[in-house]
Structures are given as structure tokens and as C-alpha cells.
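Here is the structure we will look at, set down as C-alpha cells.
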Amino acid sequence: MAVDTSPAMDPAAGAKGARGRGGRVRKPGAPPPRRIRDALARHWYAWAMVAPVVLVIGLIIGYPLVRGVYLSLTDANEANVERTIGINHIPATYKNVGLDNFQAILKDQVFWDRLGWTVTWTVSCVALTFAIGLGLAVLLNRRFAGRALYRSLLILPWAVPAFVSVFAWRLLYNEKNGILNKVLHGGGIDAVPWLNDPTMAKVSVIAVNIWLGVPFMLVALLGGLQSIPGELYEAAEMDGASPWQRFRHITLPGLRSVSSTVILLSTIWTFNMFPVIFLLTRGGPGDSTEILVTYAYRLSFVNSPRDFAGASAWGVLILLILMLFAVIYRRSLRKQGEVW
């Protein structure tokens, strides 16, 4: 009887050596397939479609971001940057100063004053916009005559460019010839300095931003309401739940995922809402309505000499503040069971 004296082979090792990933047979000693090469080979069309978008985003967002971070670490201003005057080319003479710009900003009371008003402005606008948008969404989610017309009228501010809306409100707020003061004058009330009094100017810019932001909240929350099954309301009504109980235990939990997203987006947009503040009051009267982003713009384009390094440092701090808020907000949602 013949005996097989060939070396035994481990079945697992043999199978592993004979077959590659996905059951493909490959020769022993051949290099393993490369994931990147396989991904490009399989999804080359998708990569080709995405590449132009990635390139454009990199040029529009990536380069200015990197350039801004770089300038924030220097002492660049209008007098020492590279420039050309006529036929004369003047090279840049600014130098790296490390974190000196950030230390100077954080020690300056101007930053903390602007930050305090920016936070107040953001919280007020987002809270009121969400409350009004939710109330209108609940009303428009019911069936009544002319509902489509009301929906179209309420999203009209969203269709109008922001700068056009702000200029229209500026005419309404005019102290001498504005419609608002003419209406008050007709009722025997003295004219209100809407944009010339620090307190009234703050109220005015908040009102305009709410008017611009309500349509977005309305559309988003209305879509969330329509995704809640109507059977839940019917069952709750049969069990004797009051309208407030149905709103509290069905509507609000059903809108949680939508609400968390729109609140985050609205916070970021409002924190950086440049057009409303700049076009309506230009940060005035004085600097009472100046927020962080308008002050950074003032440093870079209005003040003389223009402080490019200081404006870049302010921009980097604004980015860090929003990133910190987004991280904290996301962690709080994860603790509540909302993962996104």
C-alpha cells in the first residue's frame, strides 16, 4: 500500500492562498488587490463626475481658508503686502508673528463685546424664527380653504434676494418718510428712531432677520409634520388626549430629527448673517449692532490701513467658535439618541 509522503497543507492556509478577497482565485505569492485601485476601476464614472465639484470647492473654499489661516499668523496689512503701483512692483515685507494676533484679540474687550451681542442676536433670531415657523407650519398642515395660496405667500420672502428685502425694510424704517412712522403718526404716536437708537436698531435687525428666516423654518417643519402618521393623532384623540398633549407627545417628538438639523443650520447662518447687519445699519448707530463677521469685514476693507492679519484672525476665531458649537450640539443630540 502506497503512503503519501508529501507535506500536509493547512486547509485554511490553502484556501486563503488560493482565493483572494471576494472568492477570486489568484496565484500564490501574487500581491493582494489594492483597494484604491479597485475603487477607481469599479466607480471611475462616479469619481469623474465628483472631481469637478471637488476641484471647484477646493478653489473657492479650501484656498481662501488656508490663506486666511496663514495670514492670521502674520502681521500683514495694507502697507506691507505685495502690490503693484503703476510699473513698480513692491514685494511683501510682512513676517510671521505666531499667535500674537489671537492673543491681542482675546485680551481686547472689543472682541468680548462683539461676541456677547453676536450670541444674543443669534439666540434671539433662531428661537423666535423656530417658534414662529413651527406655529405657522402647524396651522398650514391643516385643511382649509386657500391653504395653497397662504403657503405661497408665506414663502415669498425666501424667493426675494436678501439684499432687496433689506433695502425694502430700510425704507420702511426711515425715520422721516418711512411707512411705519407714518402709520404711527396717524395714530398720534411720535416717530420712532428705528435705526438711530441703539436699542431700537437691535430690535429692528432682529425683526428683519426673523422675516427672512421664517420661510425656511416653515418649509422644513411643514415637511416634517407631513411625515408624521395621521393614525397617531387619531389614536391619541380617541384616548382623550387634549390638543396640547397631542402636540407635546406626538408633534414635537416627530419633529425632533428635522428640528435638530434646521436649528444647527439656522444658528450657523445667523451667526454669520452679514447682509442684514451691514446693509441695514452698517453696525451702527456707533457699533451697537456690530457682530463678529461685520467687524472682521471692517478691519479688512473699511479701516485704514487695512488690517489683513487681524481680519483673518477674527475669521479663524469665528470658524473655531462655530466648530465648537457644532461639536457640542452633536454630542448633546447623541446623548438624546439622535445620531447623524
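Go through (1) closer than 20 Å to THR294 by Cβ; (2) open to solvent by 60 Å² or more (accessible area, probe 1.4 Å); (3) over 25 Å from the mean Cα position of the chain (by Cα) and name the single condition ASN77 misses. With (1) closer than 20 Å to THR294 by Cβ; (2) open to solvent by 60 Å² or more (accessible area, probe 1.4 Å); (3) over 25 Å from the mean Cα position of the chain (by Cα) applied to ASN77, the lone miss is (2). I want to confirm something. Restricting to region 155-185 and keeping residues that are in a loop (DSSP other than H, G, I, E, B) and not hydrophobic (A, V, I, L, M, F, W, C), which single residue is nearest to VAL205 (Cα to Cα)? Across region 155-185, the extreme among qualifying residues is TYR173. Could you please find all residues in region 103-156 being more than 20 Å from PHE271 (Cα to Cα) and under 24 Å from the mean Cα position of the chain (by Cα)? Once the filter is applied, which keeps residues that are more than 20 Å from PHE271 (Cα to Cα) and under 24 Å from the mean Cα position of the chain (by Cα), region 103-156 yields LEU134, GLY135, LEU136, ALA137, LEU154, ILE155, LEU156.
If the condition is being part of a loop (DSSP other than H, G, I, E, B) and surrounded by 15 or more Cβ atoms within 10 Å (Cβ to Cβ), then region 107-145 contributes only ASN141.
Set side by side, the residues LEU252, LEU265, LEU280 differ, and just one is out of contact with any His (no Cβ under 7 Å at 6 or more places or on another chain), hydrophobic (A, V, I, L, M, F, W, C) and open to solvent by less than 20 Å² (accessible area, probe 1.4 Å), which is LEU280. Filtering region 75-89 to residues that are hydrophobic (A, V, I, L, M, F, W, C) and in a loop (DSSP other than H, G, I, E, B) leaves ALA76, ALA79, VAL81, ILE87. Set side by side, the residues ALA104, ALA92 differ, and just one is open to solvent by 30 Å² or more (accessible area, probe 1.4 Å), farther than 29 Å from LEU225 by Cα, assigned to a loop (DSSP other than H, G, I, E, B) and not hydroxyl-bearing (Ser, Thr, Tyr), which is ALA92. Scanning region 35-74 for residues that are modelled with pLDDT of 90 or more and part of a loop (DSSP other than H, G, I, E, B) gives a single hit, LEU73. Among the residues of region 181-190, is any out of contact with any strand residue (DSSP E or B) (no Cβ under 9 Å at 6 or more places or on another chain), open to solvent by less than 20 Å² (accessible area, probe 1.4 Å) and over 30 Å from ILE318 (Cα atoms)? Yes, because at least one residue in region 181-190 is out of contact with any strand residue (DSSP E or B) (no Cβ under 9 Å at 6 or more places or on another chain), open to solvent by less than 20 Å² (accessible area, probe 1.4 Å) and over 30 Å from ILE318 (Cα atoms). Residue count for region 259-299 satisfying the condition of being in a helix (DSSP H, G or I), out of contact with any Phe, Trp or Tyr (no Cβ under 6 Å at 6 or more places or on another chain) and not hydrophobic (A, V, I, L, M, F, W, C): 9.
Of the residues examined, ALA148 is one that is aliphatic (A, V, I, L, M) and either outside any helix (DSSP H, G or I) or open to solvent by 60 Å² or more (accessible area, probe 1.4 Å) (or both). When region 151-182 is filtered for residues that are among the small types (Gly, Ala, Ser) and either out of contact with any Leu (no Cβ under 9 Å at 6 or more places or on another chain) or closer than 24 Å to MET217 by Cβ (or both), the ones remaining, listed by number, are SER152, ALA159, ALA162, SER165, ALA168. Screening PRO193, PRO215 for residues that are over 26 Å from TRP269 (Cα atoms) and either in a helix (DSSP H, G or I) or open to solvent by less than 60 Å² (accessible area, probe 1.4 Å) (or both) leaves exactly one candidate, PRO193.
The values are calculated or read from the model by the stated rules, or taken from the named source; none is laboratory data. Predicted, not measured: the structure shown is a model, and the values here were computed from it. Positions of Cβ are backbone-derived with ideal geometry, glycine not excepted, and every protein chain shown enters the neighbour counts. Heavy atoms of the whole protein, side chains included, go into the accessibility calculation; ligands, DNA and RNA do not. Shrake-Rupley method; radii C 1.70, N 1.55, O 1.52, S 1.80 Å.
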